Amino acid sequence: MKYQALYRKYRPKNFDEVSGQKTTIKILKNSIKNKKIAHAYLFYGPRGTGKTSIAKIFSRAVNCLENNNGIQCEKCNNCLLSNEKECVDIIEIDAASNNGVDEIRDLKSKINFVPSELKYKVYIIDEVHMLSIGAFNALLKTLEEPPEHIIFILATTEFNKVPTTIVSRCQTFEFMKINENDIEEKIKEISIKEQIKIEHEAIEEIAKYSNGGLRDAIGLLEKAIAYSEDEINVNTIKEISGNISNKELENFLTIFENKNIELILKKINEFYNSGVDLIKLVNDLIEHEKNIIVNQKQYDTNKCLIIKKLDELVNNMKKSENPKIIFEVTLLNMMLDSEIENNNKNITEKKEQTEEIKKVNSEQKQNIKNNLKEIRVSNTLCNPEKQIIIDIRAKWNELKNLAFDTEYGNLARLLSSDIVPVAASKQNIILTSKLVGLSEQINNDIYKVDKIFEKIFENKYKVICLSENEWNQYIKMYKQDKNSFKYTEEHDILKNEKTSLREKARELFEEI
Ligand SMILES: Nc1ncnc2c1ncn2[C@@H]1O[C@H](COP(=O)(O)OP(=O)(O)O)[C@@H](O)[C@H]1O
Ligand SMILES: [Mg+2]
Ligand SMILES: [Zn+2]
């Protein structure tokens, strides 16, 4: 027999075999029982949750002549016919593979023919959001006056992309993620039927990994079967799913808590090189920290702060073209941030010392940084020149030329992908960043940014980066009173920003 992928082999054949989606199934069964069939249904929700499966089941159940409580009998003439691959009255159109104009046109021309064999002709249009505008319009016409014997079942993972004119003509059903227990049960059931030995913990890991999608869960099981010679264990699942074990996560967090900059950058590189999805890694760290808080049952402000920062980090990474750099820079900053105190009990002397230095320096440093920001913004806005900012924007892409520079590469990439220049004078430039916290990170390296600008734009600029919020505040001030911005000479003390730790971080960061 031809090999069949497991997820196909175990496609549910009737409503009772479906996991979850209880409300949807109840309504569909009742409509069959009460003979109140709508002309168009729209199924939407995440992938692998049963939309296509239920569409197929419904199209057969609704045609069964001896239907019992919504479950087709599998014996009547219609059930036998609808089980055939060549059944002409159940038509599946995959809008993802063709944009459907021809199919829909074809459909329109045939639509008034009565079903050849069954009670209802059912059109299943999968990934309906992919239809072209032309196809949507054609579909809309048929939905406006659907013939008695026709049922449309539209399915999509992207509800928002389906025109409201279509949605409003359909009975809609939201498909939910399938809960972990149900997924575990299904995986167990399939393992037994396939006579596969699998640890319970491995089943749990599959359920956790698949995030509510049964198709992904079954896919992972299939991969694990191909991979293991003996019983499938939890480590195999972690390995093939690219997941990081709890032990590794703990190890990583210890390095983080010990503020070992060198090691943390090395670890990140190791993860990165072995193909770990860094965004997923941060999500795992959040989950791990959260579990610790829950288990401790006490409010841990430090951990909560870390979670909050990691959460911002995930959002920033998703928006960035350089998630790895954002990850590294943010983690280093968190390690150097005196707000996040170290809770580790066995504090070494060396670390006490650095904590001490940090406490003394942090206030002073913040003042210096704020000062510098004010001065540079002021110096830009007291004499802004439109042409300069236009010229800078025109050459912005050239930042990419520095992308692989050992000294400036990281910063240049950050600048070119996530930063926008908004104002400039002859000697100053203001940048803004949409990403939370990124402007501060840039400012931590602002003298280096100055150098980058000197290289690219061939002029000695003093640069400063603002968050969008800060920039909006300044615009407001500017509109109220331009003259409040005065020119001030930058003093040399500003360059005495000495933090041994931060310096060290920089050096290391550039080495890697
Ligand atoms: N709710 C579910 N109950 C049982 N199996 C499911 C369910 N959802 C998905 N599956 C499994 O995943 C496979 C793909 O599901 P499918 O119905 O095509 O998902 P969707 O159309 O929502 O992406 C099915 O063949 C089945 O093996
Ligand atoms: Mg589908
Ligand atoms: Zn039947």
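Points worth noting:
- Note on region 123-239: semi-axes of the ellipsoid equivalent to its C-alpha gyration tensor, largest first and rounded to whole Å, are 41, 13, 12.
- Over region 251-336, all Cα pairs binned in 10 Å intervals from 0 give whole-percent P(r) values of 16, 53, 27, 4, listed from short to long.
- In order through region 459-475: 3J(HN,Hα) via Karplus (6.51 cos²θ - 1.76 cosθ + 1.60), integer Hz, x for Gly, Pro: 7, 7, 9, 9, 10, 8, 10, 10, 6, 4, 4, 4, 4, 4, 4, 5, 4
- Rounded to the nearest 10 degrees, the inclination of helix 246-257 to the longest alpha-carbon principal axis of the chain is 20 degrees.
- Links that overshoot a 23 Å alpha carbon limit, given the list Lys266/Lys451; Lys373/Lys476; Lys177/Lys324; Lys266/Lys309: Lys266/Lys451; Lys177/Lys324
- Once backbone amide H atoms are built at 1.01 Å from N, Ile232 has Lys197, Ile198, Glu199 as its partners under 5 Å, excluding neighbours fewer than 5 places away on the same chain.
- Listed peptides 232-245, 476-489 by packing density, highest first (mean Cβ within 10 Å): 232-245, 476-489
- C-alpha long axis of helix 180-193 to longest principal axis of the chain, angle in °: 50 degrees
- Cross-link partners for Lys119 among the aspartates and glutamates, with Cα-Cα distance under 15 Å and sequence neighbours closer than 8 places in the same chain left out: Glu66, Asp89, Glu148.
- The chain: relative contact order as a whole-number percent, Cα under 8 Å and 6+ apart: 11 percent
- Working note: Debye formula, equal point scatterers on the alpha-carbon atoms of the chain, no solvent; log10 I(q)/I(0) at q = 0.06, 0.08 Å⁻¹ is -0.46, -0.74.
- Ranking Arg215, Arg8 by solvent-accessible area of protein heavy atoms (1.4 Å probe, all protein chains present), from largest to smallest, gives Arg8, Arg215.
- The orientation-averaged projected area of the convex hull spanned by the Cα atoms of region 180-241 comes to 3.4 nm².
- Rounded tilt (10° steps) of 323-336 against the dominant C-alpha axis of the chain: 50 degrees
- Judged by the mean number of other Cβ atoms found within 10 Å, the most tightly packed of the peptides 47-55, 152-160 leads the ranking 47-55, 152-160.
The values are calculated or read from the model by the stated rules, or taken from the named source; none is laboratory data. Small disclaimer: the values here were computed from a predicted structure and weren't measured. Cβ sites come from the backbone with ideal geometry, for glycine too, and all protein chains shown count toward neighbours. Note: accessible area is taken over every heavy atom of the protein model, side chains too, but ligands, DNA and RNA are not part of it. Shrake-Rupley method; radii C 1.70, N 1.55, O 1.52, S 1.80 Å.
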